[in-house]
There are 2 protein chains.
Amino acid sequence: MNHSSAVVVNTGPSPQAKLHPVPLNAVRLADKFWAPRLKLLREVTLPTQHQLLRETGRLDNFRRAAGKVKGDFQGLYFNDSDVYKWLEAVACALAYQPDSRLASLAEVAVAEIAAAQDEDGYLDTYFTFERRGERWTNLRDMHELYCAGHLFQAAIAHHRATGEESLLQVAVRLADHIAEVFGPHRRPGTPGHPEIEMALVELYRETGQRRYLELAQFFLDQRGRGLLGGGRHHIDHQPFRELTEMVGHAVRSAYLNAGATDILLETGEAALREALERLWQNMTERRMYVTGGIGARYEGEAFGEDYELPNERAYAETCAAVANGMWNWRMLLLTGEERFAEVLELALYNGALAGISLDGQAYFYVNPLADRGQHRRQPWFHCACCPPNIARFLASLPGRFYATSPEGIWVHLYAESTAQVDFGGQTVELNQRTDYPWEGEVEIALRPASPQSFSLFLRIPGWCPEATVEVNGEPVGKKAVPGAYLEVQREWRAGDGVRLSLAMRPEWLEAHPWVGSNAGRLALRRGPLIYCLEQVDHPDFDVWDLAVVPQAPLQAEWKPELLKGLVVLRGEGVLVDGAAWGGHLYRPLRLGSQRAQAVPFTAIPYFAWANREAGPMQVWPLLGSR
Amino acid sequence: MNHSSAVVVNTGPSPQAKLHPVPLNAVRLADKFWAPRLKLLREVTLPTQHQLLRETGRLDNFRRAAGKVKGDFQGLYFNDSDVYKWLEAVACALAYQPDSRLASLAEVAVAEIAAAQDEDGYLDTYFTFERRGERWTNLRDMHELYCAGHLFQAAIAHHRATGEESLLQVAVRLADHIAEVFGPHRRPGTPGHPEIEMALVELYRETGQRRYLELAQFFLDQRGRGLLGGGRHHIDHQPFRELTEMVGHAVRSAYLNAGATDILLETGEAALREALERLWQNMTERRMYVTGGIGARYEGEAFGEDYELPNERAYAETCAAVANGMWNWRMLLLTGEERFAEVLELALYNGALAGISLDGQAYFYVNPLADRGQHRRQPWFHCACCPPNIARFLASLPGRFYATSPEGIWVHLYAESTAQVDFGGQTVELNQRTDYPWEGEVEIALRPASPQSFSLFLRIPGWCPEATVEVNGEPVGKKAVPGAYLEVQREWRAGDGVRLSLAMRPEWLEAHPWVGSNAGRLALRRGPLIYCLEQVDHPDFDVWDLAVVPQAPLQAEWKPELLKGLVVLRGEGVLVDGAAWGGHLYRPLRLGSQRAQAVPFTAIPYFAWANREAGPMQVWPLLGSR
C-alpha cells in the first residue's frame, strides 16, 4: 500500500512475522563488494537482458497476443515469466536508484503486457489464438499459474517502486480471473510449478484482498491429491503438511516452501510450521551443497537422496540457490532465528552469486563444485529462467539487510552502507563501516533522531569461530554466540557506536561421512565465502592432483587487481603422483609413507570461478598429509 | 556349420582370431560355484522366465502376429527380444545338458516365432497389422534391427545346440529381407540400438554367406553420419573409427564394440583395431566400476565423464556388465591377451552375477555399489532386458573356459571341471581340480589320447599378487607373471599334471584419486571377487559408519551355510561418531586424534548382496585409522 516501501516481499500485515523488513530504498550500499555489483546490474545486466528478451521474441510474444504483430509464438511456453522476472528486477533497481533508461524500458514493457491481457483478465501469451481453447487444461506442465505468479511479483514491485497502478491492475484482473476459475466451490487444480502461492500472498498484502491469500491456501491444499499425477517431481506425492523430505524439482520445492512460509506468516498454522521445519532440517542436514546450492541431480533438476551431493555432476541450478535464499528469508522473518539468515547469506555469496559472471553478462544454469574446464557461463539460455532470477535476487538485496521488531532493529547482513530505519515513530540512521565480506570488523554508528531505548539485534554468523561486541568502546556484558543474534539493549543516542569483531579465519570444512562424494576431501571457507581451487592459478600442476595439508598454515591476502578485487587464501598441499598409477583405475593399497612433493596453492572465492581461462576446478580438494 | 559345436560366438572362419573357443558342450563343470548355478538356471530361472514371458504377453505377441489370437500388442515395442534372449539361453542350456522340459518349451517357441514371420521374411511382432506401414521408418527408436539381431543369435545357438534348421531358416529369411532393404546401393540406415552387428557376423560364420558380414560392416559404417540424430546416446556423434571415449547408452556402446570386434575378427582392419583399443583403454582406465559394471548414469543409462563413478547412484545395468563381458570375450579371442580375460572374469563374477538372486528368480536392473537398503531384486521388469540377458550369459559360460590356437590350449577360467578339447587331430582331456574362486590352488590333469607336443597357456590373473606353476611336481622354468598367460610347452602325456598356485590374499584396493566418489575409501578384493559390507552382518552399527583400518589383518573364512556357501573376509575398522555431527552436514575440521572405537567387520562377495534382509551396503567403506 505504501509505494515508498519498495521491498519485494512482505510489507504485509503478516501477524505471525517476528520481523518486518526495512525496504530496499532505505539502504544505501557504499561497499566495494555489492555496490559495484548493483551498478553493473543497472548499467549492464538489465539492459543486456532486455536486449535478449527482445531478440528472442519474448517481448514480441506480448505484442503478438495484443494483435500488434503476426507470426508464431516464439520460444518456450513459459517465456512470459522471463519478462516478468526481468521487470521485477528493474522495479527493484529503480526503487533503489532512478535510472531513466531502465524506467523507459520498463514503461514500454508494462504497456505491452497490459495490451496483451484479455477482456476477461486472462494473460498468458502462449495461450492465445490457436491455443486459446487449451487454457487451464494442463496445469501440471504448462506453467500458466507460474507465469501469473511472476506477473504478480513484478506488478507489486513495480507498484511499490513507482507508485503506478498500471501493472498492478493487470495483476489484479488476472488474479480475479484465476479466483473465478479455481477455488473450493469452483474448479480443482494446483500449479505444476509453484510460484503463484507466494505471489498471491504478497498480492493480498499489497491490496488487502483476503481472497488472494485464500486462493494461495487452496492451491497449497490441493497438492498431494494426484491432480498433478501424484509424482515427487511436482511434489504431489503427499499433502504438503505431511512432507518430511525435500524431493522433486529443486526450484519447485523451494518456491513451494517459500509460498507455504508466506501463508504461515499470515495464518500461523502449526501444521505448516512443523512441515517447514522438517523440510528445512532435511535440506540443511542432508541435501544442500556447502555453497547453499540445492538440487543434486540432472534428472528432473531434482533433489537426490540424503547425502547425495556429487561435485562434478552437481546440478545446483542458479534458480534453486535463489529459491533457497527466498525461502530462508521468509523463515527469518517468521522466526528471527539466525540459522535462516545464515543459509540466506551462504546461498547469496556462493551458490547464487556464482550464477553470474563478473562482467554481468553471462550466466551459469548449472553450478558444479568440481570441473575439468568444460563448464562455462553463457550469455543466455533457451530456457532462460536463471538470468532474470539472479538479477531480481541481487536487485532486491538491499532490502534484506535490516528488519525491525517491536523490540528493536535487526542487522542481518553486513556491508559498508547507510540505512534510514523507521522505528518507534522516528528515523534511526545506521552507518556500517566495514570491509565485509573480506574482513570481519564492523563498526555501526547509530543516529536516532532523538535518544530512544530499543534493542539492536546483531547477527553473529554461524560460520564465525568467535566474536566480540563493544558499544562505545566498552565490551557488552553478553557473550556473542555464533549462530544467534546478540541483543544489545540500551538507550541509543546519536553518535553511539557498536563495534563487532567477527573472527574471519580461513577454515577447512569436512562433510558428514555419509556424503559419498566428500570422504577424504576438505573444503575451504573464510567468513561467508566458500573457496575453490582454479587451474589458472596453478600452472605447475593439475588442481585435481592437489591433496591439501590441513596442518599447514593458511594465509589470507587481499588482491585488488585480481577478478575485480578479492581475498585469496594461500596454503600448502602435496601432489598425488598420477603417473604412478600407470593408467590404472584401481590398484592395491600401498601402506607406508611415500614422500610426496609439497606445493603451495592459492584458492579464490567460489563465486568468482570460471571468469578467467578455462581449466579444472575443485571446491573439495583431496585431503593429504605431509 | 557344425551343430555339435554348441558355442555361442565365433566358430569362425575368423582369420584374425588368435584363439578359437572350445565349445560349451565340451566342458563339464563339477564345481560348487558354477555347476549349481547352471542347474538352477535350467531348473528354476529359465522355466520361471518362460512363465513370465507367457504371462506378460511376450509370447502371445507372436501368436497375435500369426493371426492366432486377437487383441493389442502387449508391452514394450522391443519385447520380442526378451523371447529371443531366453531362447538363446535355453539353446545353450540344452547344448550343455539335455532337458526335456526346456526342449519342449523351446520347440513351441520356435514354432510360434516361425509362424509369425511374414511372407517377405519380415519379423517383428510390434509392426504388424495397424503398424505394418511403419516398418523401418524409425530405426533410431524402434529397435527392429535390435530384435532381429537377438533372433539371429538365438537361431544360431538353437541350430548349434539341436542341429535343427527351423529357427535358423527364419533368421536367414529375415536377414535376407534386411539385406534387401538396407545396403550400399539400397536404403541408408543403422540401428539405434546396436546388436545386429555381432549377430550378422555370427550368421556369416554359421552360413558362410558373406553378405551378412558386409551388412554388419555397412551398419557400422553408417554411424556418425547423423542418421540417428547425431547424438552421443546412440553413438552417432562420430564415425566409429574416430571414437576416443566410451559415451552414450552403456549397453548400446558395449554391444557396438562387440559387433565391431566381430567384424575385426573377420577383416583385420587396422582402424577398427585402433579404435577398439582406444575405447577399451578409456573404459577400463576411467569409466568402469571396480565390479566390471559400466554406465554410471541414470540419465540415458549412460557412461559419464572420465572418473564419474558414483556408488549409491551407480547405474551399472546388469545388461551392461553382460555386454562388457561379451565385448572382452571377443577381444580375448582376437588377441590372446590376459587383460581382456581379466575384465571378462571381473564382470562375470561381480557386476553381472549380482544381477541375479541366489534363488535364481529375482534380478537387479541397476547395480549400486552403496545402498541404504531400498534397492532389492525384482522378479521381472516392464523393460525386462536384464533377466534373459544374464540367463544367456550364464548359460554360455562353459564355452568361455578354454580356447585353442595353433600353438596349443588356453585356459581362461578356473573351476573344478572336465573338458574334452579337440587339438592337433585328437582329443585332449583336461581335468581341473580346484576350489576356485574360493581358493587359488588349481591342479590340471592332462590326458591326450597319445603323447603330443603343444603349449598349455595358463592364465595368470592380473588380480593375483604372485603365482607359481609346477608340472609333475617340478617348478616350470618360467616366472608366472600376473596379467599374462604362462606358456608351458612340452610333450604332454596322459597323466601329466600341472599345479597352479594363485596367491589369493584379501587386498584393499584404492581408486584413482580423480574418481570423485572413492577418495578416502577402500574396496576389498580376494581373487576375482569384489567384496562388500552388508548391514545384516553388523547388528551393532551402521555399515556406513564403519571406517576400515587397512593396517589390521584380514582373514578369509569359508562359511558353508551362509548364502549357499561362500568365503567371508573379516577385518577391523573404527566407527565414525555420527552423533558427534549433531545433525550438521558440514563442520570445521578438527585436527588431532580422537580415540575411535575399534570394531570387527565381516565382508561378503558383492554378487551375494541383497539376498537376506534389507539394509545398508557399502563396496567402498570409508578409510580409517586406529
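The values are calculated or read from the model by the stated rules, or taken from the named source; none is laboratory data. These figures come from a predicted structure and were not determined experimentally. Here the Cβ positions follow ideal geometry from the backbone for every residue, glycine too, while neighbour counts run over all protein chains shown. Side chains included, ligands, DNA and RNA excluded: accessible areas come from the protein's heavy atoms. Shrake-Rupley method; radii C 1.70, N 1.55, O 1.52, S 1.80 Å.
Brief remarks follow.
- Distance in nm between pseudo-label sites at A:E269 and B:K32 (7 Å out along the Cβ direction from Cα): 6.3
- Accessible area buried, both sides summed, chains B and A with 1.4 Å probe, Å²: 4300
- Spacing of the modelled spin labels on A:E164 and B:D422, each 7 Å from Cα toward Cβ, amounts to 9.1 nm.
- The charge dipole of the protein assembly as shown, taken about the Cα centre with unit charges on the Cβ atoms of Lys, Arg (+1) and Asp, Glu (-1), comes to about 340 debye, rounded to the nearest 20.
- 7 Å along Cα→Cβ, label-point gaps from A:K479 to other copies, nm, shortest first: 6.5
- Selected from B:L76, B:A157, B:T137, residue furthest toward positive end of dipole (segment B:47-167; charges at beta carbon): B:L76
- Built from the Cα atoms of segment B:319-388, the convex hull projects on average onto 5.3 nm², one quarter of its surface area.
- For segment A:73-200, taking the reciprocal of the average inverse distance between every pair of different Cα atoms yields a Kirkwood hydrodynamic radius of 14.9 Å.
- Charge dipole of segment A:405-502 (Cα centre as origin; +1 on each Lys and Arg Cβ, -1 on each Asp and Glu Cβ, all else neutral): 180 debye, rounded to the nearest 20.
- Peptide A:306-314 - average C-beta neighbours from other chains (10 Å radius): 4
- Chain A - percent of accessible surface contributed by carbon and sulfur, probe 1.4 Å: 47
- Residue and distance (whole Å) for the chain B Cβ nearest the axis that superposes B on A: B:G520, 1
- Estimated translational D of segment A:125-222 in µm²/s (Stokes, Kirkwood radius over Cα pairs; 10 °C; 1.306 mPa s): 117
- For A:F454, the residues 5 or more places off, or on other chains, whose built amide H falls under 5 Å of its own are A:R490, A:W492.
- Once C-alpha pairs closer than 8 Å and six or more residues apart are averaged by separation and normalised to the residue number of segment A:423-470, the relative contact order reads 30 percent.
- Cα gyration tensor shape of segment B:509-623, rounded if a/c is under 1.5, else prolate or oblate by comparing a/b with b/c: prolate
- Exceeding the 21 Å Cα-Cα cut-off - candidates A:K18/A:K39; A:K18/A:K479; A:K39/A:K564; A:K32/A:K478; A:K32/A:K479; A:K32/A:K564: A:K18/A:K39; A:K18/A:K479; A:K32/A:K478; A:K32/A:K479
- Computed from the Cβ-Cβ distance with R0 of 45 Å, the FRET efficiency linking B:E337 to B:R132 stands at 0.40.
- Taking the Cα centre of chain B as reference, the dipole from Cβ charges on Lys and Arg (+1) and Asp and Glu (-1) amounts to some 420 debye.
- Rounded to 0.05, the FRET efficiency of the A:E107 and A:K70 pair, given R0 = 25 Å and the Cβ-Cβ distance, is 0.50.
- Solvent exposure of the protein assembly as shown amounts to 34 Å² per residue of accessible area, where only protein heavy atoms count and the probe is 1.4 Å.
- Computed Kirkwood radius, in angstrom, where 1/r is averaged over Cα pairs of the protein assembly as shown: 33.5
- A probe of 1.4 angstrom, applied to the heavy atoms of all protein chains, finds A:H538 with accessible area near 10 square angstrom.
- Copy-to-copy label distances for B:V599, where each label lies 7 Å from Cα along Cα-to-Cβ, are 3.8 nm in order of increasing length.
- Segment A:445-575: equivalent-ellipsoid semi-axes (sqrt of 5 x gyration tensor eigenvalues, Cα, Å): 40, 18, 11
- Over the C-alpha atoms of segment B:430-484, the Rg to Rh ratio, Rh being the Kirkwood estimate, stands at 0.97.
- Restriction of the trypsin sites (Lys or Arg not before Pro) in segment B:530-597 to DSSP coil positions whose beta-carbon has at most 14 other beta-carbons within 10 angstrom yields B:R590, B:R595.
- Trypsin sites (Lys or Arg not before Pro) restricted to segment A:292-400 and DSSP loop, no more than 14 other C-beta within 10 Å: A:R376
- Estimated D of chain A in µm² per second, where Rh is the Kirkwood radius over Cα pairs and Stokes-Einstein applies at 20 °C, 1.002 mPa s: 85
- The trypsin sites (Lys or Arg not before Pro) of segment A:461-506 that meet both conditions, a loop assignment by DSSP and at most 11 other Cβ atoms within 10 Å of the site Cβ, are A:K478.
- In units of the rule-of-thumb radius 2.2 N^0.38 Å, segment A:378-502 shows an alpha carbon radius of gyration of 1.21.
- In nm, spacing of pseudo-spin labels at B:L591 and A:D542 (7 Å Cα→C-beta vector): 2.9
- Label distances, nm, A:S166 versus same residue in remaining copies, Cβ-directed 7 Å point: 8.2
- Ranking A:A302, B:V170, A:V201 by how far each Cα lies toward the positive end of the dipole of the protein assembly as shown (charges on Cβ) leaves A:A302 at the top.
- Proximity of backbone amide H atoms, modeled 1.01 Å from N, is registered between B:R521 and B:L623 at under 5 Å, excluding neighbours fewer than 5 places apart on the same chain.
- The alpha carbon gyration tensor of segment A:5-159 gives principal lengths a ≥ b ≥ c with a/c of 1.5 or higher and a/b no greater than b/c, which makes the shape oblate.
- Sequentially through segment A:459-475, phi angles give Karplus couplings (6.51, -1.76, 1.60; θ = phi - 60°) of 6, 9, x, x, 6, 7, x, 7, 8, 10, 9, 10, 10, 6, x, 10, x Hz, Gly and Pro residues having no value and appearing as x.
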